[in-house]
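Just so you know, all these numbers are worked out from the coordinates, no wet-lab data involved. Keep in mind that this is a model prediction, so the values were computed, not measured. Backbone-built Cβ (ideal geometry, glycine too); neighbour counts: all protein chains shown.
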Amino acid sequence: MSQTVYTPRRTPPPTGGEDPPPPPPSAPTPPSPPPFRADRRLLLAGGGAAAAAGVFGGGLWLALRRKPSDAGVAGLRMTFSPGRTTRGQVRVGQTLGEALSEQGVAPADARAVEAASEAAALEAGRSSSARELTLYYRKEGHGRETLAAVSMRLSLTSHLYAARGGDGTWRAHVALSQPIQTEVRADGLVTGEGTFAADADAAGVPRQLIETFGAVFAYDLDFQRDVGGGDEFELVFRRRADLTGATLSVEQVLFMAFRDGDRPRLQYYNFQNDAGEEAWYNRQGQSAQKTYMRTPVNGARITSPFMKQRMNPILGYSRPHKGVDFGCPIGTPIMAARDGVVAAKAFEAMGYGNFIYLNHGGGQSTRYGHMSAYNEPISVGMAVKQGQVIGFVGQTGDATGPHLHFEIRQDGEAVDPMSVTSDALSVLGGAELTRFEREADLVDHWRREAPSAAR
């Protein structure tokens, strides 16, 4: 797994939420809606209550105004019991009305929403980029439902909202918002029916964090063999979100955990140590980074394990297979499994092909074979760091398909890379451990109290 872990700057946690904006002065005064959840707070630009939309437990509340500065225009505020909420997209070159028709909206409603939206914002016309679209339905009697409101993202900080009034007329307005910073939790189960990335995405994990998750657990897990249906994952991160709750950016990843079947739960906290370095530690202050990486390539699958005897597909007879083969596309970066010095860089036509040997001291070494190319200027005698790219996957030498042949040797004897026990690379102590424990306690609070990142 890649060793680039996404850990932006730290900022102090927010101290509380704001109430939703008051209704326009000219609007009738209905019962007050319940307060926003922490990740639904609205900070609206332009002075007064420009526009807002949010789900409040039993009802959907909408406040619409023609212009933020026009206090003389009557607003619309209504509360109703929400039914279905569906999400779609306005494709490039498509009009809002066309997109609504594809979602099954009646032609008259699609035309009315489009007309009201274009009157409220010129940019609501034919789309020059893909836009998120959300439809809110109101429950009627006898299982019937009516389209009550529509929202469409115009930019990272603006949405267009349209709502059906009591007289059936559609009105629309553009709402501007400042991004909301908050801590959120994403957790779920691995279904075993697709990829881990798909399960994480469904739980609200931003895509850029899925690779970070893999990098943190690369020392403990082989995501091809160890991860399966029923496994549990959890993340806590600080994000900036828009007024619909959609993540705009990740400010900081705070916590990651994984439970692989009946094995002990693995969990790590992001912490800035006394050296000023961001790193991951378990609750005992032991680093996630270990002496060895279990898989020195990303996105690989084991195509051939370590075996005392294996039928060689090219030579046609059995001989020991002294390493693990990781199948992956040609050109996939290969990383040094731990700090070391390049002891050999050469080519074997009927063996490893292009290969590199690294010495790690204490009689330990690693070997990487069948490379398509080296990551220049790698050379004999050069010191390399764990996670540094030393070459690229290929099919050179004695190979029937593109893969990395990876070996670990102790005093010259090959050992199974999948069975090697790795120790924590660093352990916190003293005042540094005390400071870590205080921060971990705060993160544990967010694990219990933070809202879900899933929408």
Q | Sequence-distant aspartates and glutamates (8 or more away, or on other chains) whose Cα lies within less than 18 Å of LYS345 | A | GLU376, ASP398, GLU407
Q.
For LYS385, give me every one of the aspartates and glutamates with a C-alpha distance below 12 angstrom, ignoring sequence neighbours fewer than eight places off in its own chain.
A. ASP339
Q | Note, ³J(HN,Hα) from phi for region 370-379, Karplus 6.51, -1.76, 1.60, rounded to Hz, x at Gly and Pro | A | 6, 5, 7, 6, 8, 8, 4, x, 3, 8
Q | Per-bin percent of Cα-Cα distances, region 88-205 [5 Å] | A | 2, 10, 18, 18, 14, 13, 13, 9, 3, 0
**Q.** Cα gyration tensor, region 121-160 - rounded (a/c under 1.5), prolate or oblate
**A.** prolate
Q: State whether region 350-421 is rounded, prolate or oblate according to the following rule on the C-alpha gyration tensor (a ≥ b ≥ c being the square roots of its eigenvalues): a/c under 1.5 gives rounded; otherwise a/b larger than b/c gives prolate, and the remaining case gives oblate.
A: oblate
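Rounded to whole Å and sorted largest first, what semi-axes of the equivalent ellipsoid does the C-alpha gyration tensor of region 245-285 yield via the square root of 5 times each eigenvalue? Can you show the working numbers first?
Values: eigenvalues 98, 76, 5 Å².
Computed over region 245-285, the values are 22, 20, 5 Å.
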Q) Cβ under 13 Å from GLY397's Cβ, GLY397 left aside: what net charge do those residues give with Lys, Arg +1 and Asp, Glu -1? A) -2
Q.
Please report the net charge: other residues with Cβ closer than 13 Å to the Cβ of ARG138, K and R +1, D and E -1.
A. +1
Q) Per residue Cα convex hull volume for region 129-198, in cubic angstrom? A) 203 Å³
